[in-house]
Amino acid sequence: MIGFLTAQTPTSTVGWMLFLAERYAASFWQGTWITLYVAVVGTIVGFVMGFLLGIIQDIRMSREDNIVKKCVVKSLKAVCSVYVELFRDTPMIVQAMVIYYGLRQANVEIGVMAAAVLVTLLNTGAYMAETVRAGINSIDLGQREGGLALGMSPMKVMFAVVLPQAFKNIIPEMANMFLTNLKMTSVLNVIGLSELFMTAKTVAGNYYKYFESYLIIAAIYFVLCFLFNKLFLYLEKKMALKKDYVLAVEFMDNQ
């Protein structure tokens, strides 16, 4: 039996990579699927959360606003600021440990996959909140003033004039965030998530071929990131071809 294994097993690095990739193809496919699922769901939900937080942080108060509205808005902004700073200033691997084991210690039953998605979306939301806020602030203030002068409500100006342009500006950062999440899922193996890194670690332990196993997932990560990067660049170019909004003040001048 030992002689049979010796005769069948490869002797070169490339040979071992092909051997492990073929023998454990199902495991690598499953690890890839889990990695993509956590990254995609976490990024999309986190982006929506970041969008809402960015809008909240951009709410502007006036002297005419009543005390209740001022207190509510200030409280919301304070909570958003604490959340953003907390998740931006701590490592994702620590967040995963604290959230997963903290919830279980509090007798909250949560699965590994759910915890992984939760950590990813909370981390994404914190970073995207600042990106959305910066994107909103990048839009010329005159467009808001022009929209208000035309009789539009502040909410309609935000959703019909400001946000569509801000969204176009933050697409590159959104793409970077997704690619980062795609790679950062590797740290979630600390809570037992069977993503690509955990898969490679498990496969490597069977033959003690860690270098070859990690080279395989390095190639998988590269292909995934390369393809998604090209996709986002294509979308960015398509969005850039669309005609920008006409400034409301220019519209008023032409009347």
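The values are calculated or read from the model by the stated rules, or taken from the named source; none is laboratory data. What you are looking at is a predicted structure, and each value in this text was computed from that prediction instead of being measured. Every residue, glycine as well, gets a Cβ built from its backbone with ideal geometry; the counts of neighbours run over all protein chains shown. Surface accessibility is based on the protein's heavy atoms, side chains included, excluding ligands, DNA and RNA. Shrake-Rupley method; radii C 1.70, N 1.55, O 1.52, S 1.80 Å.
Evaluated on the chain, the Kirkwood hydrodynamic radius is 21.4 Å, with distances taken between all distinct Cα atoms. Couplings for segment 142-151, taken from phi via the Karplus curve 6.51 cos²θ - 1.76 cosθ + 1.60 with θ = phi - 60°, read x, 5, 5, 5, x, x, 5, 5, 7, x Hz in order; Gly and Pro are left as x. Computed over neighbours whose Cβ is under 15 Å from that of SER27, the net charge equals 0, Lys and Arg +1, Asp and Glu -1. Here is how the number arises for the chain: DSSP H runs of 4 or more residues each give -39500 (n - 2.57), the sum is divided by the residue count, and the result at 222 nm is -26000 deg cm²/dmol.
What length, rounded to one decimal in nm, is gained on full extension from LYS156 through to LYS201, with 0.36 nm per residue of separation minus their alpha-carbon distance? Write down the numbers at each step before the final one.
Values: separation 45, 0.36 × 45 = 16.20 nm, distance 5.17 nm.
Length gained, LYS156 through LYS201: 11.0 nm.
When the square roots of the Cα gyration tensor eigenvalues are ordered a ≥ b ≥ c, the ratio a/c for segment 1-105 is 1.5 or more and a/b exceeds b/c, which makes its shape prolate. Label zone of SER12 (point 7 Å out along Cα→Cβ, amide N under 16 Å): in segment 188-225 this covers 212. Here the chain is treated with +1 on each Lys and Arg Cβ and -1 on each Asp and Glu Cβ, and its dipole about the Cα centre works out to around 140 debye. Based on C-alpha pairs under 8 angstrom that are at least 6 apart in sequence, the chain has a relative contact order of 29 percent.
Here r is the Cβ-Cβ distance between ILE110 and TYR214 and R0 is 30 Å; the resulting FRET efficiency, rounded to 0.05, is 0.55. Computed packing ranks the peptides 22-29, 195-202, 56-63, 119-126 as 119-126, 195-202, 22-29, 56-63, most packed first, by mean other Cβ atoms within 10 Å. With r as the distance between the Cβ atoms of TRP29 and PHE226 and R0 = 25 Å, compute the FRET efficiency 1/(1 + (r/R0)^6) and round to 0.05. Efficiency at R0 = 25 Å is approximately 0.85. The stretch between GLU236 and GLU64, if pulled fully straight at 0.36 nm per residue, gains 57.8 nm over its current Cα-Cα span. Of all the accessible heavy-atom surface of the chain, with the other protein chains kept in place and a 1.4 Å probe, what percent is carbon and sulfur? Percent of accessible area from carbon and sulfur atoms in the chain: 66.
Would you mind classifying segment 116-242 by shape? Square roots of the alpha carbon gyration tensor eigenvalues, ordered a ≥ b ≥ c; an a/c under 1.5 is rounded, otherwise it is prolate if a/b is larger than b/c and oblate if not.
Numbers: a/c = 5.22, a/b = 2.61, b/c = 2.00.
Because a/c hits 1.5 or more and a/b exceeds b/c, segment 116-242 counts as prolate.
As an exercise, use a Förster radius of 41 Å and the Cβ-Cβ distance of LEU36 and LEU141 to find the FRET efficiency, rounded to the nearest 0.05. The partial results should precede the final answer.
On the way: r = 40 Å, r/R0 = 0.98.
Calculated transfer efficiency: 0.55.
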